[in-house]
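Undergrad: Quick one: the structure is below, and I'll ask about it shortly.
The numbers here are math on the coordinates, done by the rules we state, and not lab data. Predicted model only: the values in this text are computed from it and were never measured. Methodologically, a virtual Cβ is constructed for each residue, glycine included, from the backbone with ideal geometry; neighbour enumeration extends over all protein chains shown.
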Amino acid sequence: MIDNTTDNPVATMLKNMSSQDFRDLGLQHIAYIRPFEEQQGTLYAVCAADGRRLSVMKSFEEAVMVSLSNKLEPVTVH
């Protein structure tokens, strides 16, 4: 196995992070968009990096727009 962390300070930092620090990574910068099914159809949860649901939108596009308007970078979860 190759150890790519020797000269990579970012990899070393990530390797040494606590579980809580890793969960909080991106907390103020990233919004995860997760589709889910309800009786009325597919809805889109906008979630913080730690998994907390921030809002629910009727469309993916609305979820992206609300993320961006709150200065969060939207990413999708499959």
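Undergrad: Going 7 Å from the Cα of M13 in the Cα-to-Cβ direction, what parts of the range 29-69 have a backbone nitrogen less than 15 Å from that spot?
TA: 29
Undergrad: Efficiency by 1/(1 + (r/R0)^6): what FRET value for T42 and V75, r their Cβ-Cβ distance, R0 = 22 Å, to the nearest 0.05?
TA: Approximately 0.75, to the nearest 0.05.
Undergrad: Among M17, M57, which comes first, second and so on when ranked by fewest other beta-carbon atoms within 10 Å?
TA: Placing the least packed residue first, the sequence is M17, M57.
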